[in-house]
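To start, the structure under review is shown below, and the notes come after it.
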Amino acid sequence: MLKLIFTRLNKKQYFAVVGMIVLIIMQVWLELTIPDYMSEITLLVQTPASSMSEILIVGAKMLACAVGSAIFAAITNFLSARVSTGFGKRVRHDIFEHVNNFSSAEISQFSTASLITRTTNDTFQIQNFVARGAMVFIKAPIMAIWAIIKISGKNYHWSIATVVAIIFICAVVASVTSYALPRLKKVQLQTDDVNRVTRENLTGLRVVRAYNAESHLEEKFAECNDKLTKTSIKVDKAMELIAPSMSIVMSSLTLAIYWIGAYVINKAHAINKLIVFSDMVTFSSYAVQIVMSFVMLVAVFIMMPRAAVSANRLNEVLYTKSSILSGEGVKVEPEQKGIVEFKNVYFQYNANDADEYVLEDISFKANKGDVVAFIGATGSGKSTLINLVPRFWDATKGEVLVDGHNVKDFTLKDLRKRIGYASQRAILFSGSVESNVSLGETEPNVDSIVQAINISQSADFVANMSGIQAPISQGGKNVSGGQKQRLSIARAIAKKPEILIFDDSFSALDYKTDKTLRAAINKELANTTVLLVAQRIGTIKDADLILVLEDGKVVGKGKHEELLKKCKVYKEIALSQLSEEELNENKK
């Protein structure tokens with residue numbers, strides 16, 4: 001946890017921490033000076049020759065110490081707040097940036113709900129610890145050690161009572177912490193579950209309502225919520241034992257000091273009684289300061305288990321390295337641009353555990369301006385195959401080449417800059433039509449955006465929405481499925497890439513729009529290489545090369561007419577969508 005904290009502080013925050021330490025030392029010195037003045041006032045009150053002015057002067061010094069201590073405490077709190085909020089900002093940024101660099105393999109290790117909880121709730125737990133705990137963690141040991149030095153050499157009976165009180169406090173804290181820590185880990189995991197079920201319910205609200213499944217989701221949420229509640233209650237019950245225990249210890253210690261003091265005063269000579277009484281008042285004040293120091297440390301220990309669990313969860317993300325590493329960069333010859341080639345490619349999702357290859361011995365070449373299509377049954381490996389090009393995954397064996405170079409040799413930024421990608425699930429972000437189509441561009445080109453909207457057949461509905469500045473809600477919920485797909489396609493086109501990848505991106509379009517859109521791409525983007533995954537024969541039949549996949553293997557390769565004659569799987573797919581007459585008409 002300390003490593004996480006100190007590696008996320010900048011120079012200004014380090015200077016602030018040093019300033020806090022200096023201020024805390026001054027604050028402790030002033031607070032521990034007050035009992036000395038109390039002892040002096042006690043002696044003056046009991047001495048007949050003392051004057052009121054002497055008592056008032058000592059009282060004024062005592063008041064000045066209290067005011068000075070309060071001022072230093074306020075400044076320390078201000079610095080602590082600045083450091084903690086700056087730390088929280090840095091951690092959230094680092095988590096967000098680090099997750100953005102994850103490959104699909106690392107993303108699959110953490111659920112979306114868990115990553116959100118870690119970025120928000122877990123970061124807040126550490127930030128809260130830094131804000132409240134760090135200052136106490138510095139102050140309490142300084143105060144305890146300084147106070148112990150102050151009372152050393154006084155009555156050893158009082159010292160024994162103080163030591164017993166400290167041992168009791170430590171025993172209570174150790175017991176509670178050992179009980180609470182494993183349950184706090186459960187609390188964080190169960191918070192992930194509550195977050196996950198809530199997201200599922202909100203994301204799929206229409207489906208839930210359509211199937212009258214509200215009661216099922218409520219039961220599912222209630223189960224997660226009850227588990228979280230029960231575990232939290234167990235933790236809170238254990239933590240609540242600390243406060244009354246501390247109160248009992250402080251009261252008992254004060255009582256013990258005065259009881260021992262009464263005994264010692266009673267046994268002392270008349271001359272020494274006043275000195276013993278003064279020592280008792282001073283010792284009592286310092287003993288309370290020592291116990292208060294341990295009480296403050298207890299407050300830190302209450303926060304520490306939760307913060308430690310959160311720190312471990314954040315470190316799990318921050319120290320998970322992406323399996324997709326950026327290459328050193330390559331120089332591409334102009335005549336090589338737009339070429340995609342697979343050479344004997346094999347792929348497993350987890351090379352250490354998986355027994356079977358998802359893709360086996362895939363080989364093909366797409367030259368500049370070619371349209372290469374992939375078709376096959378669900379789960380045949382089409383999407384996995386094209387996801388190897390932008391390096392969402394890396395091939396287990398074989399080579400994936402772009403522009404004549406292995407994709408692993410490119411920097412990730414350079415590789416993905418060459419590729420326009422429209423995913424299987426159309427994703428839109430809150431903002432405007434313009435911000436969605438120009439996603440990733442630092443200086444959006446309006447002409448490119450308008451051209452992409454026209455090619456993707458989005459111009460009519462965008463005009464009806466009041467143009468490219470029209471708002472898009474989160475997830476694109478204010479547009480239809482087909483409109484989302486077309487804007488997703490427009491985003492891929494607007495980059496003016498060498499290679500366009502369409503991962504079943506035409507599925508929500510009607511046949512007419514599908515045909516018009518493909519014709520526009522062929523006309524306007526004739527020099528762009530297109531990799532196209534589709535389920536409809538009509539979408540791919542004009543491709544320069546069609547690969548038919550079955551169980552991760554290529555069972556057919558060629559043009560539409562060739563495959564109808566030679567590939568049984570392709571013909572079965574075609575006949576499931578079109579009649580023999582329609583296929584024969586298409587041939588003509």
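Just so you know, all these numbers are worked out from the coordinates, no wet-lab data involved. Just so it is clear, the model here is predicted, and its values are computed rather than measured. Note that we place each Cβ from the backbone using ideal geometry, even for glycine, and neighbour counts take in every protein chain shown.
Overview of results
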item	result
Ile145/Ile167 FRET efficiency (R0 22 Å; Cβ-Cβ; nearest 0.05)	0.85
Full-stretch length increase - Ser175, Leu43 - with 0.36 nm per residue and alpha-carbon distance subtracted	43.2 nm
For the stretch 363-397 and the stretch 202-259, distance of Cα centres in Å	50 Å
Tail beyond 19 Å, pair distance distribution of the stretch 19-177 (Cα, percent)	71 percent
Options Ile21, Phe364, Val555, ranked by Cα towards positive dipole end of the chain, top entry (Cβ charges)	Ile21
Label point distance in nm, Ile55-Glu572, each placed 7 Å from Cα along Cα→Cβ	10.5 nm
Exposed chymotrypsin sites (Phe, Trp or Tyr not before Pro) absent: longest stretch of the chain, with sites in DSSP loops and at most 15 other Cβ within 10 Å deemed exposed	1-210
Principal semi-axes in Å for the stretch 463-562 [√(5λ), Cα gyration tensor, largest first]	28, 15, 13
Extension gain (nm, one decimal) between His93 and Tyr349, 0.36 nm per residue minus Cα-Cα	89.3 nm
Projected label distance in nm at Asn527 and Glu562, using a 7 Å step from Cα toward the beta-carbon	2.7 nm
Relative contact order %, the stretch 2-318, counting alpha carbon pairs below 8 Å whose residues are six or more apart	30 percent
Förster-model FRET efficiency, 51 Å R0, Arg199 and Leu255, C-beta, rounded to 0.05	0.40
The chain, relative contact order [Cα under 8 Å, separation at least 6], %	14 percent
Cα-based Rg and Dmax for the stretch 342-399, where Dmax is the largest Cα-Cα distance (Å)	11.7, 39
Overall Cα dimensions of the stretch 2-318, principal axis frame, Å, largest first	91, 41, 29
Kirkwood-type radius of the chain, with distances r between different C-alpha atoms, in Å	30.2 Å
Label-point separation, Lys397 to Glu580 (7 Å along Cα→Cβ), nm	4.3 nm
Of Lys139/Lys185; Lys331/Lys557; Lys61/Lys139, pairs whose Cα-Cα distance is over 30 Å	Lys331/Lys557
Gain on full stretching of the segment that runs from Ser104 to Ala459 - 0.36 nm per residue minus C-alpha separation	124.4 nm
